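**Q** Below are the structure tokens for one structure; questions will follow.
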Amino acid sequence: MMSEMGKKRNIKIFSAVIAAIFVFSVAGLAIMQTGNPVNAAPSSNIGVVDTSKIITPDNQDAVAAQKQLQQAGEDMQKQFEQQSAGMDDQQKQQLFQKMQGELATKRQEIFKGIKDKVDNAVSDVAKTKGLSLVVDKSVVLYGGTDITDQVAKELNKNSSSSSSDSSSSNSSSSDSSSSNQ
């Protein structure tokens, strides 16, 4: 009878050890799945930019781009009128479609410069604020750090400093020294 009790006791101990190993392994897996919250925090810094508010109608780059686009449209219209003088309707339609494609390409070229400047301003502000991701406000339902105003200021600062470099080289150098402090 003693040996039977010893066997039962050994089985209980063995079962308790297996249960403890199981609990610890599940706990270990759970900890590994959550990751290290200290490392995850910096990568969750998300900036939000409302691009519709960045380029204002009085922005020098936007005004210049609008003038270039308007001039290109007028030039294309004159060119179409000259080239389509002796054409039938089908030929005019083909010429019109071709010129529409050329105008679309010209528009992309004109606005690429503005987009590049906006991207650079967003990048500069994001680096300054330590943001790892910046998205357009139109795709964000909730959250994020709104950096629209800072991007607009950076864009206007870069735009005005590049357009008036020769007349205000002293003021732009004092601006850059104050931004470094």
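**Q** Would you pick out the residues in the range 18-29 that are open to solvent by less than 100 Å² (accessible area, probe 1.4 Å) and at pLDDT 75 or above?
**A** Of everything in the range 18-29, those that are open to solvent by less than 100 Å² (accessible area, probe 1.4 Å) and at pLDDT 75 or above turn out to be ILE18, ALA19, ALA20, VAL23, SER25, VAL26, ALA27.
**Q** ARG107 fails exactly one of the following numbered conditions: (1) surrounded by 12 or more Cβ atoms within 10 Å (Cβ to Cβ); (2) touching a residue at least 40 places away in the same chain (Cβ under 8 Å). What is the number of that condition?
**A** It is condition (2) that ARG107 fails.
**Q** In the range 88-99, which residues are surrounded by 13 or more Cβ atoms within 10 Å (Cβ to Cβ) and either at pLDDT below 85 or of a type in the set (Lys, Arg) (or both)?
**A** LYS92
The values are calculated or read from the model by the stated rules, or taken from the named source; none is laboratory data. Here the structure is a predicted model, which means the values were calculated and not measured. Note that each Cβ is placed from the backbone with ideal geometry, even for glycine, and that neighbours are counted across all protein chains shown. Side chains are part of the model used for accessible areas, which takes the heavy atoms of the whole protein and leaves out ligands, DNA and RNA. Shrake-Rupley method; radii C 1.70, N 1.55, O 1.52, S 1.80 Å.
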